[in-house]
Amino acid sequence: MEYSKEDLMEAKKQIWGVGENMGTEESKKIWEENAQFWDNAMGDESNEFHREVVRPKVTELLSPNPADYILDIACGNGNYSSYLAQRGASVVAFDYSKKMIE
């Protein structure tokens, strides 16, 4: 499923405003409601920006190898955690939204 730039920006605006004057339960509810949208937008391989810009640079900085243990906090649907694990690193991933990692 394809999403427009406007769809992505609206979802980002909703989520990034989560921490402002908002309680934990309300914040968690918003992440749970947007989990499927983000999973659809990012997919198993992430979006183009992440694949072409973010992932290569972060991977270069981490230089993962089989002896490494990596903690991925706010892992979303875990696509980058999976990418690192495929390169031999031991990865523990966590996301605030259970639906993001289901």
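Want the number for Glu48 to Ile70: 0.36 nm per residue separation, take away the alpha-carbon distance, what's left? Before the final figure, lay out the partial values.
Values: separation 22, 0.36 × 22 = 7.92 nm, distance 2.33 nm.
Separation in residues times 0.36 nm, less the Cα-Cα distance, equals 5.6 nm.
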Ala93's amide H: which non-local residues (gap 5+, or another chain) put their own amide H closer than 5 Å, with H modeled 1.01 Å from N in plane and none for Pro or chain starts? Asp72
For Phe49, Phe94, Phe37, what ranking results if the residue with the fewest other Cβ atoms within 10 Å of its Cβ goes first? Phe49, Phe94, Phe37
Please list 3J(HN,Hα) in residue order for the stretch 39-54, calculated via the Karplus relation 6.51 cos²θ - 1.76 cosθ + 1.60 where θ = phi - 60°; whole Hz, with x for glycine and proline. 4, 5, 5, 8, x, 6, 10, 6, 8, 4, 4, 5, 5, 8, 10, 5
Which of the aspartates and glutamates could be linked to Lys29 by a straight reach, that is with a Cα gap under 17 Å, when you skip same-chain ones fewer than 8 residues away? Glu10, Glu20, Asp39, Asp95, Glu102
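Computed from the coordinates by the stated procedures, all read-outs in this text should not be read as laboratory data. Just so it is clear, the structure is predicted and the values come from calculations on it, not from any experiment. With ideal geometry, Cβ positions are generated from the backbone for all residues, glycine too; neighbour counts draw on all protein chains shown.
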